Amino acid sequence: MFKALVVEKDDDGKTSASVQEIGLDRLPEGDVTVAVEYSTVNYKDGLCIGPGGGLVRNYPHVPGIDFAGTVEASDDARYKAGDKVVLTGWRVGEAYWGGYAQKARVKGDWLVPLPSGLDTRQAMAVGTAGFTAMLAVMALEDHGIKDGPVLVTGAAGGVGSVATAILANLGHRVAGVTGRPETADYLTALGASQIVAREEINETVKRPLEAETWGGCVDAVGGAMLARVLGQMKYGASVAAVGLAGGAGLPATVIPFLLRGVNLLGIDSVMQPYDNRLRAWTRIARDLPMDKLEAMIRPATLADLPGLGRDILKGQVKGRIVVDVNG
Ligand code: NDP
């Protein structure tokens with residue numbers, strides 16, 4: 001038997017989430033069985049735990065879009081019992097049972113070996129949000145980061161916190177946009193050299209081009225904020241668009257692309273091929289200072305998840321929630 005957070009749907013279509021003891025025979029098919037140690041809470045998890053089931057494809061369901069743990073049994077030649085592994089993406093926690101459980105069974109293709117320098121708890125302090133932040137930084141680097149501060153929107157959230165710490169550690173000046181002025185000290189400690197109030201940027205585009213200000217941008221917010229930022233980028237600079245915490249619409253013009261050569265780079269963490277995932281995790285172990293990562297962590301257990309799911313949907317989570325599934 002093992003413990004898991006199970007989401008069920010009743011005959012009226014109402015969903016509910018509860019911690020249950022379930023048998024090993026209920027694990028889905030897959031080549032690698034993992035003793036999960038840690039998972040985390042991402043925006044998608046909030047949707048899957050919450051009313052209506054969000055992105056859940058089948059019931060009963062175990063959410064948790066990422067996890068880290070130790071291989072228990074493997075039919076995949078790349079993994080053997082005792083190996084430390086991490087999983088993000090591949091619709092685990094949506095279409096397949098995920099990390100809110102003490103055991104998981106998945107395809108070997110979806111895993112990567114934990115790079116040296118990271119333990120399973122640190123890997124989940126990074127989690128999908130931090131992994132995506134690293135993908136965004138790598139995309140900006142591939143297109144060239146220009147002189148000038150790099151803007152990070154939704155800075156106090158999961159993606160924003162990790163992006164801020166990585167960029168600052170790489171020597172970039174980081175300007176963090178936040179709607180929570182009380183997080184200024186936290187963001188400064190992560191390495192932000194400038195705090196920008198959300199309302200300064202989060203307003204409708206008035207002029208398609210403004211002063212050239214940002215050498216790059218990691219955008220976790222989308223919507224009106226992304227539209228406004230496009231017109232503030234330096235010539236040829238890039239915006240890595242990661243999320244839509246502020247809305248899925250994009251009330252922008254094409255002018256920043258035409259007259260400033262701005263690049264809008266879409267970042268998807270879900271379907272990343274193995275080599276990219278391994279490269280990103282290796283860079284995380286190298287470029288993310290572990291003391292800064294510790295400052296982002298809020299510990300939690302399986303029983304805390306329903307409340308935390310509500311918090312993340314309201315944009316009220318600071319940093320990264322690390323779920324100890326054995327806690
Ligand atoms: P968090 O909830 O931790 O952070 C989002 C942050 O955005 C908040 O903390 C807040 O930051 C800001 N924010 C929230 N609501 C608004 C609003 N209405 N207007 C402006 N700013 C707002 O989420 P994550 O960092 O984990 O994820 C951020 C986004 O990235 C989500 O949309 C998520 O779905 C997406 N995502 C995408 C991935 C991909 O593969 N592309 C992978 C992972 C996440 P502050 O308080 O500092 O203003």
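When the test is whether a residue is at pLDDT 95 or above, basic (Lys, Arg) and more than 25 Å from Thr301 (Cβ to Cβ), Lys84 does not pass it. Filtering Ala168, Ala192 for residues that are within 14 Å of the ligand (Cβ to nearest atom) and either touching a Leu at 6+ places or on another chain (Cβ under 9 Å) or among the small types (Gly, Ala, Ser) (or both) leaves a single hit, Ala192. Filter region 199-214 down to the residues that are under 25 Å from the mean Cα position of the chain (by Cα) and at pLDDT 95 or above and list them by number. The one that is under 25 Å from the mean Cα position of the chain (by Cα) and at pLDDT 95 or above: Trp214. In the set (1) under 18 Å from the mean Cα position of the chain (by Cα); (2) outside the structural domain of Ser39 (by TED's automatic domain parsing); (3) surrounded by 15 or more Cβ atoms within 10 Å (Cβ to Cβ); (4) more than 9 Å from the ligand (Cβ to nearest atom), Gln272 fails one condition alone, (4).
Take Ala68 and tell me if it is assigned to a strand (DSSP E or B), in contact with a Lys or Arg (Cβ under 9 Å, 6 or more places away or on another chain) and among the small types (Gly, Ala, Ser). Talk me through it step by step, then tell me what you get.
Working: assigned to a strand (DSSP E or B): yes; in contact with a Lys or Arg (Cβ under 9 Å, 6 or more places away or on another chain): yes; among the small types (Gly, Ala, Ser): yes.
Here the answer is yes, as Ala68 does meet what is asked.
Which one of these is basic (Lys, Arg) and over 23 Å from Asn202 (Cα atoms): Arg260, Arg286?
Arg286
Residues are listed down the side, and each one gets a yes or a no for (1) in a loop (DSSP other than H, G, I, E, B); (2) within 16 Å of the ligand (Cβ to nearest atom); (3) surrounded by fewer than 20 Cβ atoms within 10 Å (Cβ to Cβ); (4) within 22 Å of the chain's Cα centre (by Cα):
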{"residue": "Asp11", "(1), (2), (3), (4)": "yes, no, yes, no"}
{"residue": "Asp25", "(1), (2), (3), (4)": "no, no, yes, no"}
{"residue": "Glu37", "(1), (2), (3), (4)": "no, no, no, yes"}
{"residue": "Pro51", "(1), (2), (3), (4)": "yes, no, yes, yes"}
{"residue": "Leu55", "(1), (2), (3), (4)": "yes, yes, yes, yes"}
{"residue": "Tyr59", "(1), (2), (3), (4)": "yes, no, yes, no"}
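Where residues in region 71-97 are among the β-branched types (Val, Ile, Thr) and either under 18 Å from the mean Cα position of the chain (by Cα) or assigned to a helix (DSSP H, G or I) (or both), which of them is surrounded by the most Cβ atoms within 10 Å (Cβ to Cβ)? Step through it out loud before you land on a result.
Step one: filter region 71-97 for residues among the β-branched types (Val, Ile, Thr), giving 71, 85-86, 88, 92.
Checking the rest, the ones that are also either under 18 Å from the mean Cα position of the chain (by Cα) or assigned to a helix (DSSP H, G or I) (or both) come to 85-86, 88, 92.
Numbers: Val85: 25, Val86: 25, Thr88: 31, Val92: 25.
The extreme case among them is Thr88.
Collect the residues in region 225-256 that are in contact (Cβ under 8 Å) with a residue 12 or more places away in the chain and farther than 21 Å from Gly160 by Cα, keeping them in residue-number order. Spell out how you get there, then give the answer.
Pass one, region 225-256, residues in contact (Cβ under 8 Å) with a residue 12 or more places away in the chain: 225-253, 255-256.
Scanning region 225-256 gives Tyr235, Gly236, Pro251, Ala252, Thr253, Ile255, Pro256.
In region 174-189, of all residues being farther than 24 Å from Lys146 by Cα and in contact with a strand residue (DSSP E or B) (Cβ under 8 Å, 6 or more places away or on another chain), the one that is nearest to the ligand (Cβ to nearest atom) corresponds to Gly179. Candidates Gly222, Gly247, Gly215: the one that is out of contact with any helix residue (DSSP H, G or I) (no Cβ under 8 Å at 6 or more places or on another chain) and within 15 Å of the ligand (Cβ to nearest atom) is Gly222.
Pick from region 296-322 the residues that are surrounded by 15 or more Cβ atoms within 10 Å (Cβ to Cβ), of a type in the set (A, V, I, L, M, F, W, C) and more than 14 Å from the ligand (Cβ to nearest atom): which of them is farthest from Phe67 (Cα to Cα)? My answer is Leu305.
The values are calculated or read from the model by the stated rules, or taken from the named source; none is laboratory data. Worth saying up front: this structure is predicted, and the values here are computed from it rather than measured. Positions of Cβ are backbone-derived with ideal geometry, glycine not excepted, and every protein chain shown enters the neighbour counts.
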